[in-house]
Structure formats: structure tokens, C-alpha cells
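Structure first, then comments.
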Amino acid sequence: MRLLILSFLLSCALASMAQPARAWEKAGDEAMRAADWYAAQYYYEQALLQKPDDPLLLWKQGEVLRQSQAWEPAAHTYERLLRLAPDRFPLARLHLGEVYRTLGRYEEAIHMFEAFIEAGQGGARWRDQARRLVESCRQAQRLAARPDTSWHIRHGGRALNTGWNEFAPFLSGDTLFFSSNRYLWRNDTARPPRHLSRLYLATGGARARPLPSRLQEKDAHTAHLVPAGDTLFYTRCRFVQGECIRCQIMVRTRDGRGQWARQGQALPPPVNLEGYTTTQPALGYDSTTHTRWLFFASDRPGGAGGLDLWAVPLFGDSLGEARQLEALNTPWDEGTPFFHQPTQTLWFASNRPEAMGGWDVFYMPWPPDSLGPRHPGPPINSSFDDLCFFLSENGTRAWLASNRSGSLYLDRERKNCCNDLWELRRHLPKGEKEAEAPAPPVTTAPADSVASPAPVATSPPAALPDFLPLALY
């Protein structure tokens, strides 16, 4: 009888322990459906404390760790899963290979992709992707063996960077404008409150500070600033579900007294389209056709898939037709365009397989030629995410956003997140000249200081009619 009672009490105790694990797992599932990867990660961790060898929990945790860019913990989780249940989740090998690729462990990634292909599981589409990734890893190995030694890269430091995302650098004179989502949205109705992106500047190497609140969008992300004389182009994004957002390109102007408009104006179609994201503006001037262009990224229909690059010609006070940049776009994502006026080159980022890992920076002459996008290799690119490339007019100084090794972690224990600002300096070989800009001057001429009416530009600011219809204002 005592044994029976003891067994009964033990089974009740075990049941009470199992119930919280199921509750944590359910909470993780709900967070995962809302794309709240960090919350899901925490909930699955709590469940795994009670059920550390549960293959389903390990699979779910591996997925959210991968989505939240916690690459090393993701690798450990997938490795443990494959030891315990090597055949239960066919995509585990593929995803572990992707994590190895991001970590720059290319040989291990190739081994995992080939094992996935050989197993014949997961469907033909996934096996085709694995084959592309095998070739991508081999290409990355070739690129890594031939870095461009004229470029030297260094972390932007804690005066600019935090554990949150810093991105979208734009250098004007000695002032660096950029965006960061370090700002806690205290009026958020969600719990815990989410973070918003805000515009920042740093002058002469000083600690970064936010632009005045009147230049930030209320209760929305404000990012991707492009100063252009008396005009500011930027992106406004609002949450639509969980961490998912939808964006529009905005413009704000300054009057003759040096005062910025109190509110930004959303650009009309064909730039912004209802129900779709339009973001990451960049301005350029085609010196051959004497055409000004507004470049941007959008997930609207008519592209190649995912986020694509588009361009709209600017004719005096009117907007031309939006054009998908077919020579650059792929079924994957393309974004963060930047037009380098002196060399007539369009830089952008893409997470296509033909990269070193994650997002890579690419470039292409404008107008696009038949040779396709070029990959600059390391140190501009790494096995991690590299995007938001900005190049100075003389081509000797650049900035980009990257979560490569050396970036600051949002969560040191989980090694989560985030993109930091990195600076590149180019040492030209003896006798090589700096790039010279063709006339007329670029539309992305250095801007006036946003924080003060005092100009910091070395050339006259561009006029508003050069960019947008006056009727908008």
C-alpha cells in the first residue's frame, strides 16, 4: 500500500511539474505566431528547464534562436536536437547549415547541406536551396581568401552603438546621421513596451544624440534619414501586428526662416502604395541622362519577390513612373540602396544565396549593365549581415551596419542581436587618384545641420522643386 501511495504521489508531482512546461510551451507558440522571437525564446527556455531532451521543444527553440539571430545558441540547440532525434525534423540539418554559414563555418555548413540533400527529405525545393547554399559557401571561401586589403574596418564604438540596432548611416561633412531602435516606446499599449527607431546624429566623433523630438514621428519608427538641403527624406513605420511593421517614405521641408515643418508628408503614389511597405529612400543623379532618381525598397506586387528595389524619376515638380530594377532584384530580398554620385554606382544589400552569409553588400554601375551585381568581398562583407552601405564622395571612407563579430549584444548570455555601425577607411595605392564627381552636382549634396539652421554644407543646398511636387505642401 505504501508503495502504491508513493507511486501515486510521485505521479501527481510529476504531473504538476509537466503542466508548467506545457504552459510555457503554449506561451512560446503564441509568441512565435506573433513573430515575437525574443518572448518565444524565453518561454521555450523555461519549458526546456523541465524537459531538456524534448525534441519538439528543441526544434522550436532552435527556430526562434535562428530568427532572433542568436547564432551560437541556435547552433548548440540544433546540434543537440540532431543527436537526440536525427531524423524527426528534416529541415534541422538545413537550418543548422544556414547557422554554420552565418558563423563563417563554411566547411561544416557544406557538410550539413550535403547530408540534408543525401537524406532526400524536406522536398525538392529545399534540396535545391541546399545545393545553392553549398555553392554559396564555396564562393564565400574563395572571397574570404582574397580580401580587399585597401579597406580597413573598425567598430564605430560605444559613442554610437548600443546593444540595440544602429543602422542607415549618412555622412554629411563631419556629422554622421543614423537610426537606432534604442528608444523605449513608453506609450505603447503592448506589454512589455516595444522599442521605436529614432534619428540620431554625432558630430566630430562626439557621443550620438537624438535629433529634436519635433523631427521624430510620434508613436512610430523614424529611420533612414536622407538630408538634402532644405528637404529631409526619411521612413516612417508603424506596427501592424506584434513586431511586424509597415513603412512609408516621408518628406519634411524647411522654410526661409530655417524652421522645419511640424509634420512630415507621406509621398503619394507611385512611391507609397496603400497596404505595402515602401522604405529606405536614396537619391541619385544620372549624369548621362540628366535625370534625378528616388530609389527605395518595397514589397509591392510586380517585383521579383520579397523586398525589391524600385526607382522613380523626378521631373521638376512631378513624379515619374515607378520602375522595378529587374537587373538587381531576385526572389530573395534587396534593400538599403545608396547611389554614389562620383562613380555613378548603385550600392545595395541582398540576402540572396550568392553571398558570404545573411545580408551582403553589392554594387552595380548605373544605369545597370548586362554583367549583373558585383560583390566587393571582405572586409566590406562578412559571413554575418552587412547592409546600409554609405560611401564618401572621394571613395576613401565608408560606413555600414553589421552584426558581425565584435558588435554589441542586446543579450550577452544568448548573444542576441544586433546591427552596429562600422567604419571603413580606404588607403589608396600610391598614384591612384580619388574619385571625381561629374557635373552637375549630386542631389544628395551635403545637408544643412538638422539640429541647427547653421549650414555645414560645402556646396549650395538643393532646392525643393528639384525633388518633389510643390503641390504636396
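Checked against (1) crowded, with 16+ Cβ neighbours inside 10 Å; (2) in contact (Cβ under 8 Å) with a residue 60 or more places away in the chain; (3) outside any helix (DSSP H, G or I), Ala202 passes all but a single condition, namely (2). Only one entry of Arg158, Arg132 meets the criterion of being more than 19 Å from Phe348 (Cα to Cα) and in the same structural domain as Gly229 (by TED's automatic domain parsing), and that entry is Arg158.
Only a single item in (1) over 21 Å from Phe362 (Cα atoms); (2) buried (at least 16 other Cβ atoms within 10 Å of the Cβ); (3) modelled with pLDDT of 95 or more is not met by Ser68, and it is number (3). Scanning segment 256-278 for residues that are part of a strand (DSSP E or B) and touching a Ser or Thr at 6+ places or on another chain (Cβ under 7 Å) turns up just one, Thr278. Pairing each residue of segment 380-408 that is hydrophobic (A, V, I, L, M, F, W, C) with any residue that is surrounded by fewer than 20 Cβ atoms within 10 Å (Cβ to Cβ) and part of a loop (DSSP other than H, G, I, E, B), provided the two are 6+ apart or on different chains, yields C-beta distances under 7 Å for Ala398/Ser392; Leu408/Thr162; Leu408/Gly163. Of the residues screened, Pro353 is one that is touching a Ser or Thr at 6+ places or on another chain (Cβ under 8 Å) and assigned by TED's automatic domain parsing to the domain that holds Trp293.
In the set Ala208, Ala168, Ala220, only one residue is under 17 Å from the mean Cα position of the chain (by Cα) and either in the same structural domain as His340 (by TED's automatic domain parsing) or of a type outside the set (S, T, N, Q) (or both); that residue is Ala168.
Considering every residue within segment 3-24, establish whether at least one is touching a helix residue (DSSP H, G or I) at 6+ places or on another chain (Cβ under 7 Å), modelled with pLDDT of 85 or more and within 22 Å of Ala92 (Cα to Cα). No; the residues of segment 3-24 include none that is touching a helix residue (DSSP H, G or I) at 6+ places or on another chain (Cβ under 7 Å), modelled with pLDDT of 85 or more and within 22 Å of Ala92 (Cα to Cα).
Here Thr336, Thr330, Thr253, Thr288 are screened, and the one residue that is in contact (Cβ under 8 Å) with a residue 60 or more places away in the chain and not in a strand (DSSP E or B) is Thr288.
Of all residues in segment 293-327, those that are in a loop (DSSP other than H, G, I, E, B), modelled with pLDDT of 95 or more and not small (Gly, Ala, Ser) total 7. On inspection, Trp359 does not qualify as more than 21 Å from the chain's Cα centre (by Cα), aromatic (Phe, Trp, Tyr) and under 29 Å from Ser392 (Cβ atoms). Check Ala140, Ala130, Ala115, Ala168 and return the single one that is surrounded by 15 or more Cβ atoms within 10 Å (Cβ to Cβ) and in a strand (DSSP E or B). That would be Ala168, the only listed residue that is surrounded by 15 or more Cβ atoms within 10 Å (Cβ to Cβ) and in a strand (DSSP E or B). Checked against the criterion of being touching a Ser or Thr at 6+ places or on another chain (Cβ under 7 Å), part of a helix (DSSP H, G or I), assigned by TED's automatic domain parsing to the domain that holds Phe113 and farther than 18 Å from Ala115 by Cβ, segment 72-90 has no qualifying residue.
The values are calculated or read from the model by the stated rules, or taken from the named source; none is laboratory data. Please read all numbers here as calculations on a predicted model, not as lab measurements. Cβ sites come from the backbone with ideal geometry, for glycine too, and all protein chains shown count toward neighbours.
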